[in-house]
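To keep things clear, I will list the structure first and then write my remarks on it.
Any read-out appearing in this document is the output of simple, stated calculations on the displayed coordinates, not a laboratory observation. This one's a predicted model, so the numbers in the text were calculated from it and none came from an experiment. FYI the Cβ positions are ideal-geometry reconstructions off the backbone, even for glycines, and counts take in every protein chain you see.
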Amino acid sequence: MLKITNLRCKDLKEALGISRKELSFSWILESDFRNTMQTAYQIKVGERQTVIWNSQVVKGDQSTYVPYQGAELKSRGEYWWQVTVWDNHGQKAESEKMFFEIALEQNDFLAKWIEPDLPPIRDEPEGSMLRTMYQALVPQKNGDPGRKLTPCSYLRKEFVLNDEIEKARMYITAHGVYRASINGESVDTRLLAPEFDSYNEQLLFQTYDVTASLRKGRNVVGVVIADGWWGGRIHFVGASCFYGNRHGLLLQIEIICRNGNTEIITSDEQFRCSTGPFCYSDLFIGEKYDANREMTGWDLPGYRTDHWKKVLPAEYALDNLYPQENPPIKIIKSFHPKEILTTPRGETVIDVGQVMAGKIRIRIQAPKNTEITFQHSELLDEDGNYLHNIMGRNKQQLDTYICRGEGEEVYEPVFTYHGFRYVKVVGYPGVLTTEHIDVLVIASDNEETGSFSCSNQLLNQLQSNIYWSQISNFISIPTDCPQREKDGWTGDIGVYAPTALYLQDNKAFLEKWLRDLIAEQRESGSVPDAVPINTKGPGRGEASAGWGDAAVLVPWALYRSSGDIRILQLQYESMKRWVAFEERKAAEKNPAKFEHSTKYRNSPELQKYSKYLWNTGKHYGDWLIPSMVKNNPLGADAGAKKTGQAVATAYFANSAHIMKQVSEILGDNKSAAHYDALYKNICRAFTLCFLEEDGTIQPEFQGIYVMALKFDLIPKEYRKKCTEKLLRLIVKNDGCLDTGFLSVGHILDVLTKEGHIDAAYKLLYNDKCPSWLYEVKMGATTLWENWNSISEDGKIGKSSYNHYAFGCVGEWMYRNIGGLEMIEPGYKKFRVRPRPDETLTMAALRYRSVYGEIAVEWKKKDGKMILKVNIPANTQAEVILMDGSMRVCGSGEYVFDCFFS
Ligand code: BGC
């Protein structure tokens with residue numbers, strides 16, 4: 001039987017309130033027959049009974065991202081779509097009807113922005129915290145930060161509906177983060193809407209179906225707004241008011257009544273506002289809630305608002321509004337903590353058992369006005385006492401609850417989240433048990449697509465650490481860490497995206513972020529090293545190589561994992577502008593940098609090619625090279641200085657090379673030829689400048705060899721010599737990694753490709769510092785920012801314990817241990833080729849590609865490898881067995897056994 005499953009409009013299961021632009025349809029085929037290929041499809045799109053677009057029968061196997069090609073769809077329009085497919089076994093299947101609804105177009109907003117007439121958010125000056133953070137010189141100041149923080153705003157409006165309700169939609173967004181209700185009921189379970197964007201260019205709005213919450217008669221819409229990313233403390237600098245200093249609301253409820261009338265309720269001056277129990281709520285500092293100030297009934301009809309204040313209309317253009325299409329932030333898991341500790345210092349500390357991002361929910365019974373505080377951190381100190389590991393300004397992560405004193409009270413912060421494992425509780429009366437607490441893990445609700453396990457438990461823990469660092473940092477934007485910065489550092493996601501996209505379907509999530517990237521891209525083509533931009537001062541938006549290259553790397557990774565060419569089309573201009581910027585920056589070379597180089601003076605060829613060496617500007621280089629960081633707080637900067645020029649040139653070459661492929665895919669042959677020549681010229685320049693006759697590459701760091709080999713920057717005849725040099729450097733470094741951000745994801749790959757998979761396994765299994773399994777051995781439950789965050793003698797460092805960047809090794813494990821490798825984008829064609837070492841005895845991998853579930857399971861038995869493979873319909877796989885023989889297979893389940901040769 002042929003079945004159609006996983007129907008998606010754009011990338012969404014539930015497509016309520018989407019933009020009518022770039023509409024596409026995808027589905028997955030499931031069949032009982034082997035070798036199933038789709039031979040044709042037909043899509044119909046309809047409005048009620050009328051078909052408005054019929055693709056007719058289209059021959060071929062396209063089952064993903066088929067673009068809608070009918071007449072323009074209407075703002076608020078409600079549509080269905082359905083697909084029929086035929087396959088090569090003469091089977092036919094018809095899908096269920098799926099619904100989608102177009103959001104309001106910007107022009108259809110009748111609503112106006114309103115702002116509560118309450119004190120503004122305090123603007124905190126920006127200070128450079130980078131150095132102090134790494135020197136750990138600024139200890140966290142605790143105490144009540146409340147005096148400088150603004151209370152959350154409560155806004156309400158009462159209105160009357162004269163008939164029963166047929167259909168109602170709420171379109172809403174805010175300056176700040178909001179929670180909305182109708183007649184006291186929350187309109188949704190999502191958190192921190194409207195999320196974080198480059199607000200000046202893109203502000204998401206949400207669409208909710210509120211049909212069931214409204215009724216004939218009196219109704220109330222209530223909205224609570226906190227500072228959020230709009231006005232609260234954000235980024236590593238912990239400054240505030242990046243976008244504005246007032247809360248704001250834009251809201252439009254459209255109601256179709258049974259009698260056919262339409263009612264529209266908008267944000268206007270009929271709203272009233274007040275402060276309430278939320279004394280403040282800040283994404284970094286934390287939240288303070290005084291339950292005595294609760295205003296029972298404020299969100300229901302009939303509440304007296306005599307003492308409430310007016311709201312003021314505000315002028316903001318609506319051209320930044322964009323409907324939210326990325327999965328909302330939600331509580332994605334909850335569990336009870338592992339244990340409650342009493343530390344040697346006598347502190348009560350909750351250990352949730354896992355470094356994570358989120359919050360806790362606690363049940364309390366205590367006398368009126370009891371004040372309880374909860375401070376969050378990622379670890380305990382050497383003696384087992386609570387340690388606040390986050391340096392920098394305004395990073396308290398401290399929530400405060402003041403009790404009402406009437407029976408059981410339940411508290412959970414609403415407008416903040418923290419990066420933590422431990423919570424120090426002060427002021428809780430009685431004995432706190434794990435039963436009183438729910439640990440709430442929050443993340444953007446991206447669908448999980450991949451899993452991996454094998455016979456090595458340490459690697460399984462590493463895999464779990466990768467997963468946890470990913471979900472902790474995929475919260476509206478891809479962040480570096482959930483506690484200290486919550487920043488969209490471009491370099492981090494640039495290196496990590498391929499691993500991320502295996503574990504989850506992050507397509508809509510990253511597409512939204514790429515719109516922010518385009519918004520932040522400077523006129524020069526420069527891409528700031530964090531998106532949304534993280535500084536207000538001068539020099540805003542300066543690019544670093546490897547970071548700005550995310551403009552190319554992320555769309556490329558998205559295209560490769562999904563096969564959706566549209567992502568390249570949408571980003572193409574931006575990608576080109578970035579590489580043009582690199583080209584210009586390289587050409588503006590700084591001759592002073594060459595002055596001392598005899599090599600340069602003596603080589604007219606190098607002088608000629610030097611315009612392809614990117615040696616201007618400030619770069620992070622191969623950031624956080626362990627040998628540079630070790631015992632040297634400024635080591636990261638020193639490493640950046642030493643490697644900046646070679647790394648910038650290497651990443652420039654890589655981007656040019658990717659652009660050649662992208663231009664070819666998009667049929668832009670002229671550009672493809674340009675990028676091809678550019679790439680070759682950069683390679684020549686790199687070779688002339690950094691490569692020596694004996695295969696040494698300067699500056700001599702593992703990462704520089706890795707990049708030269710990975711990006712094919714040096715002539716073929718040097719590969720062997722350079723690989724040997726790299727191997728020697730590893731041995732010299734006691735068999736340990738000495739790679740930073742930009743090279744660590746490639747080192748195992750390079751060794752494997754050059755015929756040294758044994759050396760790759762050795763690095764992977766190494767558990768001396770620095771290495772992945774060192775962290776595991778030291779009890780890590782996430783990836784750390786610094787390999788030696790906890791040193792071998794147990795000394796605890798004050799840095800982030802939840803940075804996903806070094807987790808980019810995941811991709812190598814899935815490919816080589818799991819044995820799944822993409823051949824054609826979207827895994828339309830893939831290779832199954834597990835390459836275990838002698839110690840591994842089994843592995844199991846699952847990946848839900850856009851064509852369906854791929855499964856690879858292998859185990860060793862009696863000198864043989866038993867390999868089970870599931871290949872989805874409409875795809876093809878090359879299965880390479882342990883003896884090197886290859887089978888080409890169509891869809892279906894297969895079992896192979898083969899002796900190890
Ligand atoms: C962040 C990194 C980021 C880096 C830039 C750090 O503070 O945590 O992950 O990429 O700055 O060098």
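Per-residue 3J(HN,Hα) values for the range 842-856, derived from phi via the Karplus relation 6.51 cos²θ - 1.76 cosθ + 1.60 with θ = phi - 60°, read 7, 8, 9, 9, 10, 8, 8, 7, 5, 9, x, 7, 9, 10, 10 Hz in sequence order (x marks Gly and Pro). Running Debye on the range 610-730 with equal point scatterers at the Cα sites and no solvent, what base-10 log of I(q)/I(0) appears at q = 0.11, 0.12, 0.21, 0.22 Å⁻¹? Once normalised to I(0) and log-transformed, intensities are -0.40, -0.47, -1.13, -1.19.
Using the Cβ-Cβ distance between Arg34 and Asp712 with R0 = 45 Å, the FRET efficiency computed as 1/(1 + (r/R0)^6) comes to roughly 0.75. Packing order of peptides 695-705, 713-723, highest average first: 695-705, 713-723 (average count of other Cβ atoms within 10 Å over each peptide's residues). Legend: translational diffusion of the range 289-388 by Stokes-Einstein, Rh = Kirkwood radius over C-alpha pairs, 20 °C, 1.002 mPa s; D = 112 µm²/s. Annotation: amide H-H contacts under 5 Å for Ser544 (H modelled 1.01 Å from N, sequence separation of 5 or more, or interchain): Asp529.
Note the full-extension length gain between Asn54 and Ala673 as 0.36 nm times their separation in residues minus their Cα-Cα distance, in nm to one decimal.
219.0 nm
For the chain, the Cβ-based charge dipole about the Cα centre amounts to some 1180 debye (Lys, Arg positive; Asp, Glu negative; other atoms uncharged).
For the range 466-507, taking the reciprocal of the average inverse distance between every pair of different Cα atoms yields a Kirkwood hydrodynamic radius of 10.3 Å. In this structure the amide hydrogen of Ile442, modeled in the peptide plane, comes within under 5 Å of the amide hydrogens of Ile332, Ala357, Gly358, Lys359, none closer than 5 places in sequence on its chain.
Between Asn369 and Ser186, the simple label model (points 7 Å from Cα in the Cβ direction) yields a spacing of 3.1 nm. When only alpha carbons of the range 481-574 are considered, Rg and Dmax amount to 12.9, 40 Å. Where in the range 1-27 does the label zone of Lys167 land, with the point 7 angstrom along Cα→C-beta and an amide N cut-off under 12 Å? Residues passing the 12 Å test: 17.
Once the Cβ-Cβ distance of Ala71 and Arg522 is raised to the sixth power relative to R0 = 35 Å, the FRET efficiency obtained is 0.40. Per the Debye calculation on the range 665-748 with a single equal scatterer at every Cα and no solvent contribution, log₁₀ I(q)/I(0) for q = 0.17, 0.21, 0.26 Å⁻¹ amounts to -0.70, -0.94, -1.24.
In the range 242-287, one over the average inverse separation of all distinct C-alpha pairs is 14.2 Å, which is the Kirkwood hydrodynamic radius.
Straight Cα distances below 17 angstrom link Lys333 to the lysines Lys359, with same-chain residues fewer than 8 positions distant left out. The listed peptides 849-861, 241-253, 22-34, ordered by packing as a protection proxy, come out as 241-253, 849-861, 22-34 (highest mean of other Cβ atoms within 10 Å first).
What separates the Cα centres of the range 645-667 and the range 473-513 is a distance of 22 Å. Among the lysines, which have Cα under 26 Å from the Cα of Lys157 when same-chain residues fewer than 8 positions away are ignored? By straight Cα distance, Lys157 reaches Lys112, Lys167, Lys216, Lys288, Lys309, Lys310.
Calculate one ³J(HN,Hα) per residue across the range 825-838 by plugging θ = phi - 60° into the Karplus curve 6.51 cos²θ - 1.76 cosθ + 1.60, and present them in order as whole Hz with x for glycine and proline. My calculation for the range 825-838 gives x, x, 6, 4, 10, 9, 10, 10, 7, x, 10, x, 8, 6 Hz in order.
Give the average over all directions of the projected area of the C-alpha convex hull of the chain, one decimal, in nm².
That works out to 38.7 nm², a quarter of the Cα hull's surface.
Between Ile52 and Val45, Gly46, Glu47, the built amide H atoms are under 5 Å apart, and every one of these is 5 or more places off in sequence or on another chain. Each Cα pair under 8 Å and six or more residues apart adds its separation to the average, and for the chain the resulting relative contact order is 11 percent. Ranked by the mean number of other Cβ atoms within 10 Å of their residues, highest first, the peptides 882-893, 647-658, 504-515, 785-796 come out as 647-658, 504-515, 785-796, 882-893. Normalising by residue count, the range 737-801 has a Cα convex hull of 79 Å³ per residue.
Using r as the Cβ-Cβ distance of Lys148 and Glu542, and R0 as 30 Å, what FRET efficiency do you calculate, to the nearest 0.05?
So, using R0 = 30 Å, E works out to roughly 0.50.
A simple spin-label model places pseudo-atoms 7 Å from Cα toward Cβ; at Glu412 and Leu666 they are separated by 4.4 nm.
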